[in-house]
Amino acid sequence: MSKLTNCLLKKDPSCRPVWFMRQAGRYLPEFREIRQKNKDFIKLCLNSNLSSEITLQPIQRFNLDAAIIFSDILMVPYGLGQEVKFIKDEGPILSPFNLEIFKKNNFDKFKDKLNPIYEAIKLTRKNLDKQKSLIGFIGAPWTLIVYMFGLKKNKEELDLNILKQKEEEIRETINLLIEYLCLHIELQFKAGAEVIQIFDSWAGLIPEAKLSDYCFEPNKKIVQFCKNNKIPVICFPRNLNKNYLKFADIVKPDCLSLDYKIDPTWAKENLKNYCLQGGMDPKILFEKEDIIFKEVDKYLTIFKDRPYIFNLGHGLLPQTNPDVLQKVIERVNNFK
């Protein structure tokens, strides 16, 4: 059993695994070199050999306990027929959502379209040290809905008019999405991913009265699917603040990933029955070394006697210095 699965399943506080969200990405010069030659992001995600190579880049450079497959949460809407484009400095742009076209999907068509991802996982598992875990992932239904329906006004605000007008359509789409997300999890797991992380990146934008419908219940159904199939699962319901506790009580994942707005002491005291992950602000890595180490030690000390996976409260930022990350990893691995 790897350090990560030991921490997740046996709740062993002595493990202290370390990995990072977006650890295979733009802060690495070797990734930028590949990206420069492969402008189409979707095609890059569907290139099994390159996707696997990118996944392994941080593992070859750093002493990490897990690799996370290089892919994107929006590969699922793409697999279901919605056009997805990644525009530099703008982010993802999706074609207008059409429920009738969406309903015409079937499992075989979806599996065939995303098969290169599963091939990349097989290849990565083959070339990855057996002691290290391979993580697959999905976007939670709500977070995918935000992109699929174009619900965001900006990073902090939803278009509540669209949300209200399309409420029935959104509910129906969420139910359909759950089926395909569970299939995507199953196929990643069968290909060799041992752990799944569910990213609910826009959970914090849901109006309080809709949290159960859009966040808690959909995540609960997917987590239950994972448990029924003995797939370890980490949930990251970003920016839920104190509702993390309600999420934990309802959804009951193996592990909760903390965002950087969550007070780690509060998390330790209130989320007692869970393995916890992350929490540190990625921007701390831009500070002077003594400030960085002080923050790293803070998280390691607070969670010293708890099953805890060292990570950040969000993904690594493109400006991150790999040499700084190397020192942080050494600090985590040598912490007593």
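The values are calculated or read from the model by the stated rules, or taken from the named source; none is laboratory data. This is a predicted model, so every value here is computed, not measured. So basically every Cβ, Gly included, is an ideal-geometry build from the backbone, and we count neighbours across all protein chains shown.
Just a few scattered comments:
- The residue of segment 1-50 that is modelled with the lowest pLDDT, among those that are farther than 27 Å from Asp254 by Cα, in a helix (DSSP H, G or I) and of a type in the set (S, T, N, Q), is Gln36.
- Top-ranked residue in segment 285-314 [being over 27 Å from Ile196 (Cβ atoms) and of a type in the set (A, V, I, L, M); ranked as nearest to the chain's Cα centre (by Cα)]: Ile292
- Considering segment 227-238, the residues that are farther than 19 Å from Ala66 by Cα and surrounded by fewer than 21 Cβ atoms within 10 Å (Cβ to Cβ) include one that is nearest to the chain's Cα centre (by Cα), namely Lys227.
- Under the condition of being over 21 Å from the mean Cα position of the chain (by Cα) and under 20 Å from Phe137 (Cβ atoms), the residues counted in segment 267-284 number 0.
- Residue under evaluation Phe86, criteria (1) closer than 21 Å to Leu317 by Cα; (2) part of a loop (DSSP other than H, G, I, E, B), criterion not met: (2)
- Of all residues in segment 275-296, those satisfying the criterion of being surrounded by 14 or more Cβ atoms within 10 Å (Cβ to Cβ) and closer than 16 Å to Asn334 by Cα are Ile292, Phe293, Glu295, Val296.
- Note on segment 151-187: residues that are buried (at least 18 other Cβ atoms within 10 Å of the Cβ) and among the hydrophobic types (A, V, I, L, M, F, W, C) amount to 10.
- Just so you know, in segment 239-265 the residues that are out of contact with any Leu (no Cβ under 9 Å at 6 or more places or on another chain) and either basic (Lys, Arg) or in contact (Cβ under 8 Å) with a residue 12 or more places away in the chain (or both) include one that is surrounded by the most Cβ atoms within 10 Å (Cβ to Cβ), and it is Pro253.
- Lone qualifier among Leu285, Leu256 - being within 15 Å of Gly204 (Cβ to Cβ), at pLDDT 95 or above, aliphatic (A, V, I, L, M) and out of contact with any His (no Cβ under 7 Å at 6 or more places or on another chain): Leu256
- Filtered residues of segment 89-131 (kept if without any contact (Cβ under 8 Å) to a residue 24 or more places away in the chain, β-branched (Val, Ile, Thr) and assigned to a helix (DSSP H, G or I)): Ile101
- Within the span defined as segment 151-171, one or more residues are in contact with a helix residue (DSSP H, G or I) (Cβ under 8 Å, 6 or more places away or on another chain), of a type outside the set (Asp, Glu) and assigned to a loop (DSSP other than H, G, I, E, B).
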